[in-house]
């Protein structure tokens, strides 16, 4: 996945503004930490996890881009 790719969210509990199945465009790639409470629990410990790749995605219905972990996106085409 790279900047300029069309992507679709494939995660059911997708972040606000990224409904599953909707298409957006990747405008940047970044590394950041993501705490998943459904897996790691409610008590956050940022020191115990590593950064992971995120895509900064612009969806047509949002006022601006949002970041989504790459494992929750599917490249189109």
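Considering the chain as a Gaussian network with a 10 Å cut-off on Cα pairs, which listed residue, 66, 23, 49, attains the greatest mean-square fluctuation?
Maximum among the listed residues: 49.
Which value does Rg/Rh take for the chain over its C-alpha atoms, Rh per Kirkwood?
Across the chain, the Cα-based Rg/Rh ratio is 0.98.
What residue among 43, 32, 22 has the largest mean-square fluctuation in a Gaussian network model of the chain, using Cα springs under 10 Å?
With Cα springs under 10 Å in the chain, the top fluctuation among 43, 32, 22 is at 43.
Under a point spin-label approximation (7 Å from Cα along Cα-to-Cβ), what is the residue 39-residue 63 distance to one decimal in nm?
With each label placed 7 Å out from Cα toward Cβ, I get 3.1 nm.
Starting from the Cα of residue 71, move 7 Å in the Cα-to-Cβ direction to define the label point; list residues of segment 41-55 whose amide nitrogen is under 17 Å from there.
What the label zone holds, given the 17 Å backbone N cut-off, is 41-42, 45-55.
Laboratory data are not the source of any read-out in this text; all were calculated from the coordinates shown. The model shown is predicted, which means the values in this text are computed figures rather than measured ones. All Cβ positions, glycine included, derive from the backbone under ideal geometry; neighbour counts span all protein chains shown.
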